[in-house]
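Reading through the structure tokens given below for one structure.
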Amino acid sequence: MEDEIWLTACEAAVLTGVSTVTVYSLVRRGHLEVEGLDHRGQKLFRHLAVA
């Protein structure tokens, strides 16, 4: 688990070419799961889930 790549919503948006609003919309609709929080409390997503 420790070798996994984690992304913030902003990083996930940049990687996929969508806005952060779209990322949070996908979370709200159940298409993308928040897997944790970073040290600042930002939501984190698994790279493989975003890809």
(message) Could you go through segment 28-41 and let me know if any residue there is in contact (Cβ under 8 Å) with a residue 12 or more places away in the chain, basic (Lys, Arg) and either in contact with a strand residue (DSSP E or B) (Cβ under 9 Å, 6 or more places away or on another chain) or not in a helix (DSSP H, G or I) (or both).
(response) no
(message) For Thr20, only one of the following conditions fails: (1) out of contact with any Cys (no Cβ under 7 Å at 6 or more places or on another chain); (2) without any contact (Cβ under 8 Å) to a residue 40 or more places away in the chain; (3) not acidic (Asp, Glu). What is its number?
(response) (1)
(message) For the list (1) more than 8 Å from the chain's Cα centre (by Cα); (2) surrounded by 14 or more Cβ atoms within 10 Å (Cβ to Cβ), I need the number of the one condition that Gly36 fails.
(response) (2)
(request) Kindly provide the set of residues from segment 17-33 that are closer than 17 Å to Glu4 by Cα and either loosely packed, with under 13 Cβ neighbours inside 10 Å or more than 10 Å from the chain's Cα centre (by Cα) (or both), ordered by number. (result) Glu33
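Readers should treat all values here as calculations from the given coordinates under stated rules, not as data from a laboratory. No experiment lies behind these values; they were computed from the predicted model shown. Virtual Cβ from ideal backbone geometry, glycine too; neighbours counted across all protein chains shown.
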